[in-house]
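The values are calculated or read from the model by the stated rules, or taken from the named source; none is laboratory data. Predicted model, so just to flag it, every value in this text is computed and none were measured. Here the Cβ positions follow ideal geometry from the backbone for every residue, glycine too, while neighbour counts run over all protein chains shown. All accessible areas refer to the heavy atoms of the entire protein, side chains included, with ligands and DNA or RNA removed. Shrake-Rupley method; radii C 1.70, N 1.55, O 1.52, S 1.80 Å.
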Amino acid sequence: MSEIRLAAETRSEFGKGAARRARRAGFVPGVVYGHGHAPVHLNLPGHDLMMALKTPNALLVVPIDGKDEYVLPKAVQREAIKRTIEHVDLLLVKRGEKVTVEVPVHTEGELAPGGNLLEHVLQALPIEAEATHLPEAVTVSVEGLEAGASIHAKDITLPSGVTLAVEADAVVLQVIAAQAAPVEEAAEAEAGAEA
């Protein structure tokens with residue numbers, strides 16, 4: 001995973017008024033914490049942050065006290081209607097440090113014929129990996145799976161240096177049979193509803 005550099009400024013003003021002024025100027029208020037350090041309050045460039053957060057578990061590089069530091073997004077607060085970023089909590093990480101994150105599960109291939117449905121029991125897979133080498137996603141093949149088949153966490157091939165942070169027997173994906181009512185029953189039910 002590549003590093004994304006953000007030009008952040010240290011915040012000295014706090015409260016709703018200061019946050020609103022920062023947002024009007026195109027910044028997003030944020031806080032960096034971790035490793036026993038006192039929290040550092042920052043203003044981050046809004047557009048650059050929004051683009052960076054399109055990548056799951058983006059490794060960000062921000063200047064703190066004149067030194068570039070690695071941070072991971074921990075919590076992102078969004079405005080309810082416009083979905084703009086209102087505030088971000090960032091976790092300070094070090095090179096070589098192991099962190100636990102959730103990565104999206106992508107599928108490839110086609111299920112066996114017969115109208116079966118694929119259910120994502122876990123949308124994201126909890127893993128532990130080095131902070132500077134986080135995978136963006138894991139890909140699972142569902143080619144030819146029949147109804148009743150399931151894929152457990154232990155069945156997923158992980159990149160080297162990545163371990164599961166969930167029970168090995170946890171179900172990630174399962175194939176279920178389509179439960180469509182026969183056409184005649186559906187037509188009768190519809191006719192009965194109109195009467």
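Structure data summary
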item	result
Value of relative contact order over the stretch 1-133, rounded to a whole percent, pairs C-alpha under 8 Å and six or more apart	23
Stretch gain in nm, segment Ile176-Asp155, where the contour uses 0.36 nm per residue and the Cα spacing is subtracted	5.7 nm
Stretchable slack from Glu128 to His35, in nm (0.36 nm times residue separation minus alpha-carbon distance)	31.7 nm
Area accessible to solvent at Tyr70, 1.4 Å probe radius, in Å²	40
Cα-based Lys proximity count in the chain, under 24 Å, for pairs eight or more positions apart or on separate chains	12
Note, ³J(HN,Hα) from phi for the stretch 163-168, Karplus 6.51, -1.76, 1.60, rounded to Hz, x at Gly and Pro	10, 6, 10, 9, 3, 4
Accessible heavy-atom area order of Ile176, Ile156, Ile81, highest first, probe of 1.4 Å	Ile81, Ile176, Ile156
Over the chain: Kirkwood hydrodynamic radius from C-alpha pairwise inverse distances, Å	19.9
Karplus 3J(HN,Hα) series, Hz, for the stretch 37-45 with 6.51 cos²θ - 1.76 cosθ + 1.60 (x for Gly, Pro)	7, 5, x, 10, 9, 10, 10, 10, x
Using θ = phi - 60° and Karplus 6.51 cos²θ - 1.76 cosθ + 1.60, couplings along the stretch 146-159 (whole Hz; Gly, Pro as x)	8, 4, x, 6, 9, 10, 9, 4, 5, 7, 8, 7, 9, x
Contour excess over end-to-end distance, with Cα ends at Asp68 and Ala112 and 0.36 nm allotted per residue	10.8 nm
Residue-level accessible surface for Glu102, protein heavy atoms, 1.4 Å, Å²	110
FRET E, pair His120, Lys98, Förster distance 35 Å, beta-carbon r, rounded to 0.05	0.85
Sequence-distant residues sharing a close amide H with Ala170 (under 5 Å, placed H)	Ala153, Lys154
